Amino acid sequence: MNQPHSRPRLLQVRDLKKHFPVQKGTLRRVVGQVRAVDGVSFYILEGETLGLVGESGSGKTTVGRCINRLYRPTAGTIEMCIDGTVYDITRAEKEELKQARRHIQMIFQDPYSSLNPRMTIGDIIQEPLVIHRIGTPEERRHRAEELLEKVGLDKDQMNRFPHQFSGGQRQRIGVARALSIAPRLVICDEPVSALDVSIQAQVLNLLADLQDEFRLTLLFISHDMSVVEYISDRVMVMYLGKIVEVAPTDIIYQRPRHPYTEALLSAIPKPGVGTSKDRIILPGGIPDPAHPPPGCTFHTRCLYAQEICRTKEPALVALPDNPDAFVACHRYGELTLRGFE
Ligand code: SF4
């Protein structure tokens, strides 16, 4: 994808694939492959927030885990450029991988299970510093105190345990932990999904504030289109292991070009109204990623499918009127789809 921005690219992903073997029988014979991620290419600019959305099973979490090498990709490349040094995350081993990971941190969905219940929050926040051998014990402690205050908690709470905090406070601790080693890229995997709506906004505001202060680049993974709109500069939509649309946030919400994006937008609740009566209910569920449909993989649920959709896979192409926007749909030029009003 070409793009005209002046900011450099922090991350460049090319034709990334992650397939998981399907095993059967006592001999655990491989009888197929689940194509969780099936050839995705994208970039993230320094300092931007890229929202990654899709239903459960779309492959969005797997993309995040490949970037942090929690999963080893099946194919493709992931390159991260930090101050002129390029890390090939796909092929990095041992020391080089550790160096690359020094710049990437994750914030997970569940603040209840992602924090070790037997560690004090002071130790939890300092743990990445210990792993990467950064600072003296005194410096680490000072950094943890500083971060606790940055996320709105009291440094006197350093010796408490996770169960002594609410869900929102625990996610703040997760944010402080992620920031302790001053990463450049933070992968947020459904970071507010487990929180009450009233607390979600507080944690999103905190992330946005800290992004400016710490020069962070965020990959924000969520199934919730309203949360993604709030925090993202650009939004990328995945369906069945592929990117179907990516565009600047205001463009994709006002004028989506892919029928799947239109359906996701129609499900956003409206203030005072709740779920819209115009919500598009897609027929059926997301197909089995071990046996994806031929042609456009969305054709089994698409309200606009035609014969070509069942046989020919649409390429992800730049829109003629906006080189920052890309869509994979044979009919994008003739459809007028509904945005979020
Ligand atoms: Fe629907 Fe066809 Fe476009 Fe796929 S290519 S999204 S089936 S109209």
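The values are calculated or read from the model by the stated rules, or taken from the named source; none is laboratory data. Note that the structure is predicted; figures quoted are calculated from it, not measured. Every residue, glycine among them, receives a Cβ derived from its backbone with ideal geometry; neighbour counts consider all protein chains shown. Just so you know, the surface numbers come from the protein's heavy atoms only, side chains and all, with ligands and any DNA or RNA stripped out. Shrake-Rupley method; radii C 1.70, N 1.55, O 1.52, S 1.80 Å.
Here are some notes:
- Area of PHE214 that stays accessible when all protein chains are in place (1.4 Å probe, Å², to 10): 50 Å²
- Subset of LYS18/LYS312; LYS98/LYS312; LYS17/LYS312; LYS18/LYS277; LYS18/LYS94 violating a 30 Å alpha-carbon distance limit: LYS98/LYS312; LYS18/LYS277
- Counting Cα-Cα pairs of the chain in 10 Å increments starting at 0 gives whole-percent bin shares of 5, 24, 32, 25, 12, 3, 0.
- The alpha carbon centroids of region 171-199 and region 225-269 are separated by 22 Å.
- Segments 163-170, 262-269 sorted - mean Cβ within 10 Å per residue, highest first: 262-269, 163-170
- Gyration tensor (alpha-carbon) shape descriptor, region 72-176, a/c threshold 1.5: prolate
- In summary, no lysines lie within cross-link reach of LYS150, defined as a Cα separation below 19 angstrom excluding same-chain residues under 8 places away.
- ASN322/GLU146 FRET efficiency (R0 35 Å; Cβ-Cβ; nearest 0.05): 0.25
- Computed about the Cα centre, the dipole magnitude for the chain is approximately 1240 debye when only Lys and Arg (+1) and Asp and Glu (-1) carry charge, each at its Cβ.
- Area projected by the alpha carbon convex hull of region 105-242, averaged over all directions, nm²: 8.6 nm²
- Remark: the Cα gyration tensor places region 23-62 in the prolate category, a/c being 1.5 or greater and a/b exceeding b/c.
- Accessible-area composition of region 1-89, carbon plus sulfur, in percent [1.4 Å probe]: 47 percent
- Loop-located trypsin sites (Lys or Arg not before Pro) in region 245-341 whose Cβ has at most 16 other Cβ within 10 Å (DSSP): LYS277, ARG279, LYS312, ARG338
- Between LEU335 and PHE20, the simple spin-label model (points 7 angstrom out along Cα→Cβ) gives 2.9 nm.
- Sites ILE134 and VAL197 - FRET efficiency at Förster radius 30 Å, r taken between beta-carbons, to 0.05: 0.25
- Take every pair of alpha-carbon atoms less than 8 Å apart whose residues are at least six positions apart; their mean separation over the length of the chain yields a relative contact order of 19 percent.
- As a fraction of the 1.4 Å probe accessible area of region 110-217, surface on carbon and sulfur atoms comes out at 45 percent.
- By the equivalent-ellipsoid construction on the alpha carbon gyration tensor, region 199-321 comes out with semi-axes of 29, 18, 14 Å, ordered largest to smallest.
- Cα gyration tensor, region 249-291 - rounded (a/c under 1.5), prolate or oblate: oblate
- Surface accessible to a 1.4 Å probe, per residue, for the residues of region 1-160, Å²: 53 Å²
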